[in-house]
């Protein structure tokens, strides 16, 4: 399911409350440099509904991609789903770190894997170059 970033909070609440998908299995990022977008994909599952136990629902939105990213200070940002799906807490942090997507309203936008003073572009963007290669 694709949605506009402005609608993702309402759609996520509907998916949780009406469709009974109660947690996020993962959050992934996809870099589309040619269209200057980054897609954020939530993979949602259900622990409480047995008929949904083997199903995964994807909820995706696209964000503007900056050529020179400044995570937290540029337009590559969206509302955090942490208050809807508690399980996204670490997944969104990783997406912030690896793709430069800033999640507004997230309680802890610190890095998980990279040093806090990381000065290069996010390493899972397609234009990231490994030094010395």
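Being in a strand (DSSP E or B) and either surrounded by 13 or more Cβ atoms within 10 Å (Cβ to Cβ) or modelled with pLDDT of 95 or more (or both) is a property that holds for residue 26. Evaluation of residue 51 against the conditions (1) over 23 Å from residue 3 (Cα atoms); (2) in a loop (DSSP other than H, G, I, E, B) shows that the sole unmet condition is (2).
The set of residues in region 95-125 that are surrounded by 11 or more Cβ atoms within 10 Å (Cβ to Cβ), touching a strand residue (DSSP E or B) at 6+ places or on another chain (Cβ under 7 Å) and modelled with pLDDT of 90 or more comprises 95, 96, 98, 99, 101, 102, 103, 105, 124, 125. Taking region 72-92 as the range and being surrounded by fewer than 21 Cβ atoms within 10 Å (Cβ to Cβ), over 17 Å from residue 21 (Cβ atoms) and either touching a residue at least 60 places away in the same chain (Cβ under 8 Å) or more than 13 Å from the chain's Cα centre (by Cα) (or both) as the test, the residues that pass are 72, 73, 74, 75, 79. Give all pairs with beta carbons closer than 6 Å in which a residue from region 94-122 that is in a loop (DSSP other than H, G, I, E, B) meets a residue that is surrounded by 18 or more Cβ atoms within 10 Å (Cβ to Cβ) and modelled with pLDDT under 90; count only pairs at least 6 apart in sequence or on separate chains. Going by the 6 Å Cβ cut-off, the qualifying pairs are 100/69; 100/71; 121/69. If you check 31, 7 for being in a helix (DSSP H, G or I), over 22 Å from residue 108 (Cα atoms), within 15 Å of the chain's Cα centre (by Cα) and at pLDDT 95 or above, only one passes: 7.
The values are calculated or read from the model by the stated rules, or taken from the named source; none is laboratory data. This structure is a prediction, so every number in the text was calculated from the model and none was measured. Every residue, glycine among them, receives a Cβ derived from its backbone with ideal geometry; neighbour counts consider all protein chains shown.
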